[in-house]
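Undergrad: Dumping the structure here so I can ask a few things about it.
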Amino acid sequence: MVQAPKTHARPLDVESAIERAAQISALADADRLRVLSAIATAPTEALPLDSIARRISMDADEVAGALDALGRAGLVIREADGAASLTADAWVRFGRVLIAGAAVTAAPAVQHNALELPAAVQRIALDLQYRYSSVFSPETVRRYVGESYALLSERARITTYLPTLTARFATDRLSALATSRGVILRGTPEVLFVCVHNAGRSQMASAALRHMTGSRVHVRTAGSVPASRVDPAIVEVLEEVGVAVPLEFPKPLTDEVVQASDYVITMGCGDACPVYPGRRYMDWPLADPAGKPKDVVRRVRDEVFSRVERLVSELRVPAVAPLPSTSR
Amino acid sequence: MLSVIAGSPGGEATVGDLADALGLRQPTITHHVGIMVDDGVLLREQRGRQVWLSISPDREAAVGDLLR
């Protein structure tokens, strides 16, 4: 599951593994776990050292030692006045351990009206409804996002990160719910193809990827300077080999669409594409087929097909249909 | 190792898969697998000649959190 949207998870790189291992080892101690959970379950977002000590009847020096270790592992932040609060990593990676029950119970009583949620959180709900469309009803997803937001906003000090945290937390809880129902959730990879006009290369790549993977991958396209329509020559060279061109129109590149993607593949307009952490960026140096003779367009098509085949194997998604073998 | 298993198709991998993915020797992998099987994090299933490793369902959520 997971993915989290778990996505077609990729193995951890060495740095991430070292960071997580250090966090686990900082937590492999009952006193430190109790300190962290005292902060997590407190009614306020940040808790002064003496309040922590009182909550769990622990010596103040021991609490201070535990906080230092947790701080070094990036699990706790100290405010200027010494009060401690949890980091996003602590919530996301270990929240389940700290507030056992609360985060995983399936049906909290409170209903949150989606209309009352801030716009950024409503967008998260829409995103997750799309991602989890094969597993949960839109109502379920909305309810989880609303509750996650309420849970986090009760204790958040820095509201800037609230939407991001809400997305991670809600995703996490939905994955847990899916697992508890025995659904193996791998998450559907989100792939975005970006070219200058969103009329040629990105449309070919999108058609090829949809042809190969059907609904197992969510494919989107965008252009930095979108044209008014898809180039008819592109449609022609795809249809002549039996690859259908989905009904699409060139669209501008927006932040949201990049943020919603796991893979962002640019073709000659990398500079215009905003970069966010956690996405996989690739650049495919393909010639622009606009206005070129038919045989040039076909060569670009064949190059796109080869690259899409490699992408599919990297995504670890089973292909439902092979791409037609052309002159490649 | 957990991230390789969690990210594999079907959520399972063999010791050989892990050794290839991580560039480690099979005895090293086997040693760590043994610890995680004893602890209940990993499940080991023999199918034919291959031993397949997967993340134990009751630990899957916690492992998923950690890999996020």
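Undergrad: Looking only at the stretch B:48-60, filter to residues that are open to solvent by 20 Å² or more (accessible area, probe 1.4 Å) and within 12 Å of chain A (Cβ to nearest Cβ); which one of those is nearest to B:SER8 (Cα to Cα)?
TA: Among those that are open to solvent by 20 Å² or more (accessible area, probe 1.4 Å) and within 12 Å of chain A (Cβ to nearest Cβ), it is B:SER54.
Undergrad: Any residue at all in the stretch B:37-47 that is of a type in the set (Gly, Ala, Ser), within 11 Å of chain A (Cβ to nearest Cβ) and touching a helix residue (DSSP H, G or I) at 6+ places or on another chain (Cβ under 8 Å)?
TA: No - not one qualifying residue is present in the stretch B:37-47.
Undergrad: A further question follows. Test B:ALA21 against the criterion of being free of Cβ contacts under 8 Å to residues at least 12 places away in the same chain, within 14 Å of chain A (Cβ to nearest Cβ) and over 10 Å from the mean Cα position of the chain (by Cα), and give yes or no.
TA: Considered against the rule, which asks whether it is free of Cβ contacts under 8 Å to residues at least 12 places away in the same chain, within 14 Å of chain A (Cβ to nearest Cβ) and over 10 Å from the mean Cα position of the chain (by Cα), B:ALA21 comes out as no.
Undergrad: Give all pairs with beta carbons closer than 6 Å in which a residue from the stretch B:1-18 that is within 9 Å of chain A (Cβ to nearest Cβ) meets a residue that is open to solvent by 20 Å² or more (accessible area, probe 1.4 Å) and of a type in the set (S, T, N, Q); count only pairs at least 6 apart in sequence or on separate chains.
TA: B:GLY11/B:SER54
Undergrad: Applying the selection to the stretch A:25-80, what residues are at pLDDT below 90, among the polar types (S, T, N, Q) and more than 19 Å from A:VAL92 (Cβ to Cβ)?
TA: A:THR44
Undergrad: Name the residue that is nearest to the chain's Cα centre (by Cα), counting only residues in the stretch A:296-315 that are open to solvent by 50 Å² or more (accessible area, probe 1.4 Å) and closer than 26 Å to B:GLY7 by Cβ.
TA: If we take residues in the stretch A:296-315 being open to solvent by 50 Å² or more (accessible area, probe 1.4 Å) and closer than 26 Å to B:GLY7 by Cβ, then A:GLU314 is nearest to the chain's Cα centre (by Cα).
Undergrad: Can you tell me which residue is farthest from A:ALA21 (Cα to Cα) among those in the stretch A:37-75 that are in a loop (DSSP other than H, G, I, E, B) and β-branched (Val, Ile, Thr)?
TA: A:THR44
Undergrad: I would also like to ask the following. Between a first residue in the stretch A:12-25 that is without any contact (Cβ under 8 Å) to a residue 12 or more places away in the chain and a second residue that is assigned to a helix (DSSP H, G or I), which pairs have beta carbons less than 8 Å apart while being 6 or more apart in sequence or on different chains?
TA: Taking only residues 6 or more apart or on different chains, the pairs are A:LEU12/A:ARG20; A:LEU12/B:SER3; A:LEU12/B:LEU67; A:ALA17/B:SER3; A:ILE24/B:LEU66.
Condition check ((1) under 24 Å from the mean Cα position of the chain (by Cα); (2) part of a loop (DSSP other than H, G, I, E, B); (3) not hydroxyl-bearing (Ser, Thr, Tyr)) across all residues:
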{"position": "A:THR188", "(1), (2), (3)": "yes, yes, no"}
{"position": "A:VAL191", "(1), (2), (3)": "yes, no, yes"}
{"position": "A:SER202", "(1), (2), (3)": "yes, no, no"}
{"position": "A:MET212", "(1), (2), (3)": "yes, no, yes"}
{"position": "A:VAL243", "(1), (2), (3)": "no, yes, yes"}
{"position": "A:PRO246", "(1), (2), (3)": "no, yes, yes"}
{"position": "A:THR266", "(1), (2), (3)": "yes, no, no"}
{"position": "A:VAL275", "(1), (2), (3)": "yes, yes, yes"}
{"position": "A:ASP288", "(1), (2), (3)": "no, yes, yes"}
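The values are calculated or read from the model by the stated rules, or taken from the named source; none is laboratory data. Every value quoted in this text rests on a predicted model; they were computed, and no experiment measured them. Every residue, glycine among them, receives a Cβ derived from its backbone with ideal geometry; neighbour counts consider all protein chains shown. SASA here: full protein model, heavy atoms, side chains in, ligands and nucleic acids out. Shrake-Rupley method; radii C 1.70, N 1.55, O 1.52, S 1.80 Å.
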